[in-house]
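Below is one structure; the comments refer to it alone.
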C-alpha cells in the first residue's frame, strides 16, 4: 500500500500518468456535454436541426430514409452510423495527427454511440416552432463546449473534427474555420433535401428555415469551439527574470520552444536582468506559467497575441 501511495506522489506519476487520466476523464465529460446538446436540444426540436461532422451526416441520412423513403429505423441507427463512418477518419487521425489524439477520439466516438443509442430523451419544453431558436442556441452552445473542450485537452469528438484538426495542423489555421465550412454544407443539404417534407412530428418546415436555424447553431458552436480551443493561436511572451539559465533549460527541455535572451536594466534599480523572449501556442501558456512560478515567482511576464509566425517555428499536434 505504501508503495502505491509513494508512486502516486512521485514526479513520474504527476508528469506522465496523471495528465493522461485527466485527459481521459475530460474526453468522457465533454462528450457527454456534446451528446446532451444533440439529444436533448437538436433532436428535440420540431424544426430539424443538424449537428456537425459524422453525427450530422447520420442525422441527414436518417431523415432521408425515414421522412422521404418511409423506412423505419431502430433507435440505435445514429449511434451505429457514428461508429462505422468514423473508422476511416480515425485511421487518418492515426496517420496524420497523433496516435494519442486518435485513441482519445475513439473513446469519444464510443461514448457518443452509447449516448445517441441509449440516452433517454428528456422533454425540455421545446416542442413548438417558436422554440426552434432556443434549441439552436443552447444546443450549439453545448456542442461547442463539448467539441472545444475535447480539443483543448488533446482529443476530439471524432468525425470531421479529426479532418479539421488534420487540415489545421497542416495549414496552421483555426480548427473552427474548417469545421464551419464542412458543417455549413450539411446545413444546406438538410434544407434542400428535408425542407418541405413532413417530419416525424407531422410539421412541414421550409428548407430555408431548416438551413437558417442550423447555421445559427453552427455559428454558436464555432465561436465557442475557437474560444475554448486555442492550439493555433499564438502568443509572444516576455519574461524578465533573475533566473534565466534555469528558466531557459526548463522551457527547452519541457516545452520544446526556442528562446531568445536579451540583457535589460531596471530604470529605477539599475539592476541588470535578463528578458526571455519565446513564442508559444496559447494552449501552452498554462504550462509555461507553471514553469515560471516554479523557478522565479517574482518574474515580470507580459504576453502579446501574435497573428502569424514564420520561419523556424514548430507547429505541434495537441496530443
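Determine whether residue 79 is in a helix (DSSP H, G or I), within 30 Å of residue 196 (Cβ to Cβ), without any contact (Cβ under 8 Å) to a residue 40 or more places away in the chain and out of contact with any strand residue (DSSP E or B) (no Cβ under 6 Å at 6 or more places or on another chain). Judged against the criteria, residue 79 is a match.
Based on what the data block shows, is residue 220 surrounded by 18 or more Cβ atoms within 10 Å (Cβ to Cβ), under 28 Å from the mean Cα position of the chain (by Cα), not assigned by TED's automatic domain parsing to the domain that holds residue 136 and not in a loop (DSSP other than H, G, I, E, B)?
On the way: surrounded by 18 or more Cβ atoms within 10 Å (Cβ to Cβ): yes; under 28 Å from the mean Cα position of the chain (by Cα): yes; not assigned by TED's automatic domain parsing to the domain that holds residue 136: no; not in a loop (DSSP other than H, G, I, E, B): yes.
Spelling it out, it is not the case that residue 220 is surrounded by 18 or more Cβ atoms within 10 Å (Cβ to Cβ), under 28 Å from the mean Cα position of the chain (by Cα), not assigned by TED's automatic domain parsing to the domain that holds residue 136 and not in a loop (DSSP other than H, G, I, E, B).
If you filter region 289-317 down to residues that are touching a helix residue (DSSP H, G or I) at 6+ places or on another chain (Cβ under 9 Å), closer than 12 Å to residue 236 by Cα and surrounded by 10 or more Cβ atoms within 10 Å (Cβ to Cβ), you find that the one that is modelled with the lowest pLDDT is 303. Give 90, 60 a once-over and let me know the one that is over 30 Å from residue 204 (Cα atoms), modelled with pLDDT of 85 or more, buried (at least 16 other Cβ atoms within 10 Å of the Cβ) and in contact with a helix residue (DSSP H, G or I) (Cβ under 7 Å, 6 or more places away or on another chain). Only one candidate qualifies: 90.
Among the residues examined, residue 211 qualifies as assigned to a helix (DSSP H, G or I), modelled with pLDDT of 90 or more and assigned by TED's automatic domain parsing to the domain that holds residue 137. When residue 161 is tested against the conditions (1) closer than 20 Å to residue 81 by Cβ; (2) modelled with pLDDT of 85 or more, the lone failure is (2). On the stretch given as region 85-134, residues that are in a helix (DSSP H, G or I) and over 26 Å from residue 45 (Cα atoms) total 19.
The values are calculated or read from the model by the stated rules, or taken from the named source; none is laboratory data. Nothing here was measured: the structure is a model prediction, and the numbers come from that model. Positions of Cβ are generated from backbone atoms using ideal geometry, with glycine treated the same way; all protein chains shown enter the neighbour counts.
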